[in-house]
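Note sheet for the following structure.
The values are calculated or read from the model by the stated rules, or taken from the named source; none is laboratory data. Computed from a prediction, not measured in an experiment: that's the story for all the values here. Here the Cβ is made from the backbone with ideal geometry for all residues, glycine too, and neighbour counts use every protein chain on show. Heads up: the accessible areas ignore ligands, DNA and RNA and are worked out on the full protein's heavy atoms, side chains in. Shrake-Rupley method; radii C 1.70, N 1.55, O 1.52, S 1.80 Å.
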Amino acid sequence: MQTKDRSAAFWALALFFAAYVLFLYGPMLVIVVLSFQGPEGGLTFPMRGLSLHWFHKLAEGLGVVDIGAALYRSLGLGLTVMAFTIVFSVLAGLAFRKKLRGGHILFFTVVASLIMPSIIVSLGIGLEFRLLDGAIKKMLEAFGMDGVLENYGTALGIYTSALGAHLTWTLPFGLLIMFAIFNRFNPAYEEAARDLGATPWQGFRHVVLPLIAPSVVGIGMFGFTLSWDEIARTSQAIGDVNTLPLELQGLTTTVTTPSIYALGTVTMVVSFLVMGLAVGLSKLLAARQQAKRDT
Amino acid sequence: MSAPSAASSLPAASAPGRSIAAWWQALPLTAVFAVFFLIPLALVLMVSFWDYNQYEMLPGFTLKNYVAIFDGCLSRNEAGDMCVTVKTYLSTFKFSVLVWLLTLVIGFTVSYFLAFHVRSSGVQVVLFVLCTIPFWTSNVIRMIAWVPLLGRNGLVNDALATMGLVDKPIEWLLFSDFSVVLAFVHLFTTFMIVPIFNSMMRIDRSLIEAASDSGATAWQTLWNVIIPLCRTGIIIGSIFVITIVMGDFVTIGVMGGQQIASVGKIIQVQTSYLQFPLAAANAVVLLSLVLMIIWALTRMVDIRKEL
């Protein structure tokens, strides 16, 4: 960097970088290519023809696993996680801009959750809900509600324990992004709004929200994609039905046809679609904001 | 008021409002971490002292789970073997150290290239994003992506055979220590790149000019200026990578062909046999070790100040 011309070091580093990117994307590309394997083809190269055969096989279901149901469960959970992540992160981000007593303890807890081995969080949530089940059953027994007791299964579920488990993973990312946003945020706009007589809600709705909206879309993307691919925290906290990544993990040992690559391609496409939508939406919001400022 | 300095982690108290209102806003997030993080951790600690039978957990206070974990660990047996727990931890440590070293070297080099050798900031952003995109896709898929490459009839073996370098396929490429480390590096180098790149971008470029004006070689600048100044990023990245590998059971499971033991795997297997108190005791031991590692690492840097 000292010289004007590209040094030998630059080219060596550029080569290293290119090799890293190839290492990063190469295997994923192989999966996508192999999912279009012909009906005669197997898990490895060479390709025997080109077809959508394994996608059809996937749609028919893999063994006992209902892929469609798992896909809908993961989509539903991902969207719910996304909504909660956006709302809770934005609220907490606003809170941290004010004098928040105990804010450092809260921040420390959030960061601790981010670096805590997932299996421990997962085990803890699983235990919590099992103990809750025990308590509920005891209570039903004590009140003599045998009918309810017989039908009672477990409190573990997608929208209870699994949702909570996912939030302990997505919210730290959401909060850190909010910090990054507000560190660059100029409070003068709000002050101006306040001086013009805006209520705190009006100030937030018409001044702060439009300004932070592009980044908030990013938080939503984090929320959805992190949940969509999450395994470790869900594993002990899911109950009797599985999300798509958990099914996929189970299938790695049993399925020996390229349909598993087809499934991989499908989930990758969903991830990339969400990322693309988020980037597009964020650009759109930013452009609209800019256009408003220009007029 | 101008924007708060980048050194402070928490946005400065600049917005209107009182503390009480702030707490209402922080409440939902706080509640989530109380119910799904702090209470579960406390329960893990509590249950680790409980007894259990084949059907249920039995509340009480016993140390037998911990005794069971360290059974036979204080003295080596006649054959000179170590107990299962120590062996498992040693194997997990081995993976942690290997993956940590590799991700650190790769992550640092990639960040260094992006931060100091790519001149246009637009290109910089594009290349950085390129490195982080795979983080948003499924870990399992990125793992099984190695199967067609490393398998007995995979691309690597095919290529080696075609070139006449091997007579029969190399067996240790897949479902081995090698494939586990490879998958870890593939999955988690991002966790090194992001914080290291972040701290490198904050380095005042005039410091580097000053170093070169004072006659420092590129290596001296790297060693005496850049590395000390991105210490925070290095340590944050290291914490991520080490805690992930220490607690992992998915990667070691899939890439080790379900043959390699890890602490996380033990916990997972014990829960599948409903031995929750034993699993909880294992989790407490794992957590104490991870906390000790993190504590040692954070001695070197104040994370809250520099995030």
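Compute the accessible area per residue over region A:47-201, keeping the other protein chains in place, probe 1.4 Å, unit Å².
Spelled out: the 1.4 Å probe surface of region A:47-201, per residue, equals 48 Å².
Under 5 Å between amide hydrogens, which residues at least 5 positions from A:V65 or on another chain qualify, with H placed 1.01 Å from N in the peptide plane?
none
List every residue whose amide H lies under 5 Å from the amide H of B:D51, counting only residues 5 or more places away in sequence or on a different chain, with H placed 1.01 Å from N in the peptide plane.
Sorted by chain and number, the residues that satisfy this are B:L58, B:G60.
Relative contact order of region B:66-202: what whole-number percent is it, with Cα pairs under 8 angstrom and at least 6 residues apart?
33 percent.
Test of understanding: in a Gaussian network model of chain A with alpha carbons linked when under 10 Å, which of A:S118, A:S35, A:S51 would top the mean-square fluctuation ranking?
A:S51
So who's got an amide H within less than 5 Å of the one on A:Q37, skipping anything under 5 residues away but keeping other chains? H placed 1.01 Å off N, in plane.
Sorted by chain and number, the residues that satisfy this are A:S51.
Mind checking which of A:V241, A:V217, A:V90 has the largest fluctuation in a GNM of chain A, springs on alpha carbons under 10 Å?
Most flexible of the set in this elastic network: A:V241.
What residues in region A:95-109 lose 20 Å² or more of accessible surface when the other protein chains are added to their chain alone (1.4 Å probe)?
Relative to the lone chain, where solvent access is computed with a 1.4 Å probe, region A:95-109 loses at least 20 Å² at A:A95, A:F96, A:R97, A:K98, A:K99, A:L100, A:R101, A:H104, A:L106, A:F107, A:T109.
Considering Cα pairs under 8 angstrom that are at least six residues apart, work out the relative contact order of chain A and quote it in whole percent.
That works out to 29 percent.
For chain A, with all protein chains present and a 1.4 Å probe, just round the carbon and sulfur fraction of the accessible area to a whole percent.
The value for chain A is 67 percent carbon and sulfur by accessible area.
What is the gain in length, in nm to one decimal, between A:A155 and A:A8 on full extension, counting 0.36 nm per residue of separation less the C-alpha to C-alpha distance?
That pair, A:A155 and A:A8, stretches by 46.7 nm at full extension.
Within chain B, what whole-number % of the accessible surface is contributed by carbon and sulfur, with the 1.4 Å probe and all protein chains included in the calculation?
67 percent
How large is ³J(HN,Hα), in whole Hz, for each residue of region A:7-23 in order, when computed from phi with the Karplus curve 6.51 cos²θ - 1.76 cosθ + 1.60 and θ = phi - 60°, using x for Gly and Pro?
Listing the rounded values in order: 7, 4, 4, 4, 5, 5, 5, 4, 5, 4, 4, 4, 5, 5, 5, 4, 4 Hz.
Give the cross-link partners of B:K87 among the lysines, using a straight C-alpha distance below 18 Å as the criterion and excluding same-chain residues fewer than 8 apart.
Filter leaves B:K265.
With runs of 4+ DSSP H residues as the only contributors, calculate the mean residue ellipticity of the protein assembly as shown at 222 nm using -39,500 (n - 2.57) per run, divided by the residue total and rounded to the nearest 500.
Helices in the protein assembly as shown give a 222 nm mean residue ellipticity of -21000 deg cm²/dmol.
Using a 10 Å cut-off around each Cβ of peptide B:248-255, what is the average number of partner chain Cβ atoms that fall inside?
4
To the nearest whole number, what is the average tally of beta carbon atoms from other chains within 10 Å of the beta carbons of peptide B:234-240?
1
Provide Rg and Dmax in Å for region B:82-306, with only Cα atoms included in the calculation.
Answer for region B:82-306, Rg first and Dmax second: 20.5, 66 Å.
Please give every one of the aspartates and glutamates within straight-line cross-link reach of A:K137, meaning a C-alpha to C-alpha distance under 19 Å, and leave out same-chain neighbours fewer than 8 residues apart.
By straight Cα distance, A:K137 reaches A:E128, A:D146, A:E150, A:D240, B:E56.
Rounded to whole Hz and in sequence order, give me ³J(HN,Hα) for region B:280-296 from the Karplus expression 6.51 cos²θ - 1.76 cosθ + 1.60, θ = phi - 60°, writing x for Gly and Pro.
Coupling constants for region B:280-296: 5, 4, 4, 5, 5, 4, 4, 4, 4, 5, 4, 4, 4, 4, 4, 4, 4 Hz.
Taking only Cα atoms and a 10 Å spring cutoff, compute GNM fluctuations for chain A and point out the largest among A:T254, A:T234, A:T265.
Result: A:T254 has the largest fluctuation of those listed.
Given Cα pairs under 8 Å that are at least 6 residues apart, what percent is the relative contact order of region B:82-306?
After rounding, I find 26 percent.
Mind listing the phi-derived Karplus ³J(HN,Hα) values for region A:237-254, rounded to whole Hz, using 6.51, -1.76 and 1.60 with θ = phi - 60°, and x for any glycine or proline?
Listing the rounded values in order: 10, 9, x, 9, 10, 10, 7, 4, x, 5, 4, 4, 4, x, 5, 4, 8, 10 Hz.
Sorting check: for A:205-212, B:103-110, A:161-168, A:119-126, which peptide has the highest mean count of neighbouring beta carbons within 10 Å, and how do the rest follow?
A:119-126, A:161-168, B:103-110, A:205-212
For the protein assembly as shown, which cysteines have no disulfide-compatible partner, meaning no other cysteine Cβ under 4.7 Å?
Those would be B:C131, B:C230, since no other cysteine Cβ in the protein assembly as shown comes under 4.7 Å of theirs.
Buried accessible area for the B:A pair, summed, 1.4 Å probe, in Å² rounded to 100?
Heavy-atom accessible area buried at this interface is about 8900 Å².
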